[in-house]
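In what follows, a structure is listed as structure tokens, so that the remarks can point back to it.
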Amino acid sequence: MLGDNILRDSLAEMKKLLLQSPAVVLVGARQIGKTTLAKELIGQLGKEAIYLDLELPSDKAQLQNPELFLKQHQDKCVILDEVQREKSLFPILRSLIDQHRVSARFILLGSASPELIRDSSESLAGRVAYYQMYPLSLAEVGAEHHDQLWFRGGFPNSFLATDDEQAQQWRNSFIRSYLERDLPMLGLNANPVKLRRLWEIIAYQNGQLLNISSISKSIGLSAPTVRHYLDFMEAAFLIHLVKPYHTNGKKRLVKAPTVYVLDTGVLHSLLDIKSYDKLLGHPVVGGSFENFVLNQLLTKVDASQIYFYRTADGTEMDFVITEGGKPAISIEVKLSSTPSTTKSFTTAKQDLGTTRNYIVAPVLRGYPLTEDVQVVNVAEVMELL
């Protein structure tokens, strides 16, 4: 089966971090595969492990005296799942690490990002490494599964479902769970109906500039409330904001970020797109393909290095990857088997001064378009990064 043959790229990265650090914080959306990865990792390290899910009362009960419990298991790797629910553990973990500092002592799994990282970094400074886990990538599942990964998305339960209907059912359940249970548990006190409407608007505007004022009018909420909701959704790995890159030139540049649903399968379910054929005929298909490319980039490039470029007069580049704070790679996404350069693309790459310029398109194999522009498919651009 395909599922048995998928080797997560995250495994090698996490193994490296664990061998270097006494604790690793692994963050990512719920049901992305964090627990499976952690358990598989322990199997490879050959170290005995204890797994505690802090959402289960029976597991939480074992930590009534956390210092005593964790000391008794100091030679094992302790995996604490949904650790953001028990942030009081962080000072205790710091003390235990200082008393017995060995690699791979703790794996902390979490579904909320900024707050978890802030709290753990304050308590565990110099003792912990961080890793963000993304949905399955094309490199992990194989280029032959390109269309399936694009349509179903990279959540393992969706991608590996027996058919599209089962995958859709799983994603619909995932969406309901986040709206009715997970986001409230993370501290977001919001009307689930309004929240779903916000998520759907983001899906329809996928890849476009974020206009909070327009969204607030559409769903009848204040702009600060919408911003608060979006902050939570970003922290829970449901959406991703790409910031604009600002050059030192005199051109007027847009200041708003572009917004994407983090997983294309979830995007398609929010839009009620039930088949790959329906996707190809849907108005959002171009934005969906752009989103798919971004999903792949995030598995290879740090999110802080990915920008877009757009001027007030309409010159734009879908993605700009920086190295050392300067533009290094320009990427334009085109859902066409015969893509060509445009005046906007040419002007943008000149403004940015990039020498590695790619047009990512659904082509069988890449080819040079001009001296400094190459047409590539999704798998090829990932190999070139």
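The values are calculated or read from the model by the stated rules, or taken from the named source; none is laboratory data. Fair warning: this is a prediction, and the values are worked out from it, not measured in the lab. Positions of Cβ are backbone-derived with ideal geometry, glycine not excepted, and every protein chain shown enters the neighbour counts.
Pairs under 9 Å by beta carbon, first residue touching a residue at least 24 places away in the same chain (Cβ under 8 Å) and in the same structural domain as PHE237 (by TED's automatic domain parsing) in the stretch 16-41, partner surrounded by fewer than 20 Cβ atoms within 10 Å (Cβ to Cβ) and assigned to a helix (DSSP H, G or I), six or more apart or different chains? Filtered contacts from the stretch 16-41: no entries. Considering the stretch 1-13, the residues that are surrounded by 14 or more Cβ atoms within 10 Å (Cβ to Cβ) and assigned to a loop (DSSP other than H, G, I, E, B) include one that is modelled with the lowest pLDDT, namely ILE6.
Just one of (1) hydroxyl-bearing (Ser, Thr, Tyr); (2) within 30 Å of GLY28 (Cβ to Cβ); (3) surrounded by fewer than 21 Cβ atoms within 10 Å (Cβ to Cβ) fails for THR370. It is (2).
When the stretch 46-66 is filtered for residues that are out of contact with any helix residue (DSSP H, G or I) (no Cβ under 8 Å at 6 or more places or on another chain) and either without any contact (Cβ under 8 Å) to a residue 24 or more places away in the chain or assigned to a helix (DSSP H, G or I) (or both), the ones remaining, listed by number, are GLY46, LEU56, PRO57, SER58, ASP59, ALA61, GLN64, ASN65.
Inspection of the stretch 321-328 finds a residue satisfying the criterion of being outside any helix (DSSP H, G or I), surrounded by 19 or more Cβ atoms within 10 Å (Cβ to Cβ) and at pLDDT 95 or above.
For (1) part of a strand (DSSP E or B); (2) surrounded by 15 or more Cβ atoms within 10 Å (Cβ to Cβ), each residue gets a yes or a no:
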position: LYS15; (1), (2): no, yes
position: LEU19; (1), (2): no, no
position: LEU26; (1), (2): yes, yes
position: GLN31; (1), (2): no, yes
position: GLN44; (1), (2): no, no
position: LEU68; (1), (2): no, no
position: ASP75; (1), (2): no, no
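The rows are residues; the columns are (1) more than 15 Å from LEU238 (Cα to Cα); (2) without any contact (Cβ under 8 Å) to a residue 12 or more places away in the chain.
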site	(1), (2)
PRO135	no, no
VAL141	yes, no
PHE151	yes, no
ASN172	no, no
ALA190	yes, no
VAL193	yes, yes
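Within 23 Å of the chain's Cα centre (by Cα), over 25 Å from PHE292 (Cβ atoms) and modelled with pLDDT under 95: which single residue out of LYS251, LYS255 fits that description? Step through it out loud before you land on a result.
Details: LYS251 fails: within 23 Å of the chain's Cα centre (by Cα).
On inspection, the qualifying residue turns out to be LYS255.
Scanning the stretch 352-367 for residues that are within 25 Å of the chain's Cα centre (by Cα), surrounded by fewer than 19 Cβ atoms within 10 Å (Cβ to Cβ) and within 26 Å of ASP147 (Cβ to Cβ) turns up just one, PRO362. Taking the criterion of being of a type outside the set (Asp, Glu), modelled with pLDDT under 95 and surrounded by 14 or more Cβ atoms within 10 Å (Cβ to Cβ), the residues of the stretch 157-184 that qualify are TYR178, LEU179, LEU183, PRO184. Within the stretch 120-133, if we keep just the residues that are in contact (Cβ under 8 Å) with a residue 60 or more places away in the chain and among the aliphatic types (A, V, I, L, M), the residue that is nearest to SER288 (Cα to Cα) turns out to be MET133.
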